[in-house]
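First comes the structure, then the notes that go with it.
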Amino acid sequence: MPISLPELPYALDALAPHMSERTLQFHHGKHHKSYVDKANGLIEGTPHEGKELYEIVVAAARDKDTALFNNAAQAWNHSFFWQCMTPNGGGAPEGETMDAIENAFGGLDGFKKEFREKATGQFGSGWAWLVLRDGTLEVTSTSNAETPIVSGLQPVLTCDVWEHAYYLDYQNERPKFVDAFLDNLVNWNFVAEQLAASESTEKRRGVG
Ligand code: MN3
């Protein structure tokens, strides 16, 4: 089965004005679709055909198959990214998610400050991430298609900081886009689900 372009979990105009319909049309319908199509072209007739996208990304990184890695990782990163946003998002997380943010960053403002620094400080194209490293939350960034899933880290939130993510809405002002993402778009319920999934994985392994 080929890698698929997932549908957006909201309408194209649902994130406006923070992320416009036009940005989502191009970003999902052109950029993301292109990564999916190219990755499918590269795996056709190879042992990767039919594997889960996650496995293909990990295998391509291991094999240093740059073309496949770039397209498959970008397909995975974007599928994850869409779920990190929601209409009327932002605000503050609740319950255990807020506890985890407070433990790691001293509070929501501390988290936002660190995430903003990583997102705006990433030179050129890339991604800002909130990840779990051995059960502890930390903020990091990656370049181009690079993804934490090949480094043993578990992503719980990401923001695409390639120019195509924000240029139509914010031109070159990446900090304004990152603030809009943090204040108005973050889907904290999705983050909570990622943290809960990680806990149950650890319990199954007998380490939680
Ligand atoms: Mn993108």
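The values are calculated or read from the model by the stated rules, or taken from the named source; none is laboratory data. These numbers were taken from a predicted model, which means no experiment stands behind them. Ideal geometry is used to build each Cβ from the backbone, glycine not excepted, and the neighbour counts take in all protein chains shown. Protein only, heavy atoms only, side chains kept; ligands, DNA and RNA dropped before computing areas. Shrake-Rupley method; radii C 1.70, N 1.55, O 1.52, S 1.80 Å.
Residue pairs, Cβ under 9 Å, 6 or more apart or interchain, first in region 177-194 and touching a residue at least 12 places away in the same chain (Cβ under 8 Å), second open to solvent by 10 Å² or more (accessible area, probe 1.4 Å) and among the basic types (Lys, Arg). List them.
Taking only residues 6 or more apart or on different chains, the pairs are Val178/Arg116; Asp179/Lys112; Asp179/Arg116; Leu182/Lys112; Leu182/Arg116; Asp183/Lys112.
Test Arg62 against the criterion of being over 19 Å from the mean Cα position of the chain (by Cα) and either among the charged types (D, E, K, R) or modelled with pLDDT of 95 or more (or both), and give yes or no.
It is true that Arg62 is over 19 Å from the mean Cα position of the chain (by Cα) and either among the charged types (D, E, K, R) or modelled with pLDDT of 95 or more (or both).
Would you mind finding the one in Lys113, Lys30 that is basic (Lys, Arg), surrounded by fewer than 18 Cβ atoms within 10 Å (Cβ to Cβ) and over 28 Å from Leu132 (Cβ atoms)?
Numbers: Lys113 fails: over 28 Å from Leu132 (Cβ atoms).
The match here is Lys30.
Which pairs have Cβ atoms under 8 Å, sit 6 or more apart or on different chains, and link a residue in region 139-160 that is touching a residue at least 24 places away in the same chain (Cβ under 8 Å) to one that is within 12 Å of the ligand (Cβ to nearest atom) and in a strand (DSSP E or B)?
From region 139-160, the pairs are Asn144/Gly126; Glu146/Gly126; Glu146/Trp127; Thr147/Trp127; Thr158/Trp127; Cys159/Trp127; Asp160/Trp127.
May I ask you to list the residues in region 80-107 that are within 16 Å of the ligand (Cβ to nearest atom) and either out of contact with any His (no Cβ under 8 Å at 6 or more places or on another chain) or not in a helix (DSSP H, G or I) (or both)? Steps first, please.
So the first thing to find is which residues in region 80-107 are within 16 Å of the ligand (Cβ to nearest atom), and the list is 80-85.
Answer for region 80-107, where residues must be within 16 Å of the ligand (Cβ to nearest atom) and either out of contact with any His (no Cβ under 8 Å at 6 or more places or on another chain) or not in a helix (DSSP H, G or I) (or both): Phe80, Phe81, Gln83, Cys84, Met85.
Applying the selection to region 70-79, what residues are crowded, with 20+ Cβ neighbours inside 10 Å and away from the ligand (no atom under 11 Å from the Cβ)? Working first, answer last.
Kept after step one, since they are crowded, with 20+ Cβ neighbours inside 10 Å, are these residues of region 70-79: 71-78.
Answer for region 70-79, where residues must be crowded, with 20+ Cβ neighbours inside 10 Å and away from the ligand (no atom under 11 Å from the Cβ): Asn71, Ala72, Ala73, Trp76.
Given the conditions (1) closer than 23 Å to Tyr35 by Cα; (2) surrounded by 21 or more Cβ atoms within 10 Å (Cβ to Cβ), which single one is not true for Asp169?
Failing condition for Asp169: (2).
Six or more apart or on different chains, Cβ atoms under 8 Å: show the pairs whose first residue is in region 8-32 and within 16 Å of Phe177 (Cα to Cα) and polar (S, T, N, Q) and whose second is at pLDDT 95 or above and part of a helix (DSSP H, G or I).
Ser20/Leu168; Ser20/Asp169; Thr23/Ala165; Thr23/Leu168; Thr23/Asp169
Listed here are the residues, each with its yes/no results for (1) away from the ligand (no atom under 15 Å from the Cβ); (2) within 22 Å of Lys112 (Cα to Cα); (3) touching a Ser or Thr at 6+ places or on another chain (Cβ under 7 Å); (4) open to solvent by less than 70 Å² (accessible area, probe 1.4 Å).
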{"residue": "Leu130", "(1), (2), (3), (4)": "yes, yes, no, yes"}
{"residue": "Val150", "(1), (2), (3), (4)": "yes, no, no, yes"}
{"residue": "Val178", "(1), (2), (3), (4)": "no, yes, yes, yes"}
{"residue": "Asp183", "(1), (2), (3), (4)": "yes, yes, no, yes"}
{"residue": "Ala196", "(1), (2), (3), (4)": "yes, yes, no, yes"}
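Among the residues of region 157-177, are any in contact with a Leu (Cβ under 6 Å, 6 or more places away or on another chain) and closer than 26 Å to Tyr10 by Cα? Break it down stepwise before answering.
As a first pass, look at region 157-177 and keep what is in contact with a Leu (Cβ under 6 Å, 6 or more places away or on another chain): 157.
Now drop any that are not closer than 26 Å to Tyr10 by Cα, which leaves 157.
Yes, because at least one residue in region 157-177 is in contact with a Leu (Cβ under 6 Å, 6 or more places away or on another chain) and closer than 26 Å to Tyr10 by Cα.
Which of the residues that make up region 114-132 are touching a Cys at 6+ places or on another chain (Cβ under 7 Å) and either assigned to a helix (DSSP H, G or I) or free of Cβ contacts under 8 Å to residues at least 12 places away in the same chain (or both)?
Result: Ala119, single match.
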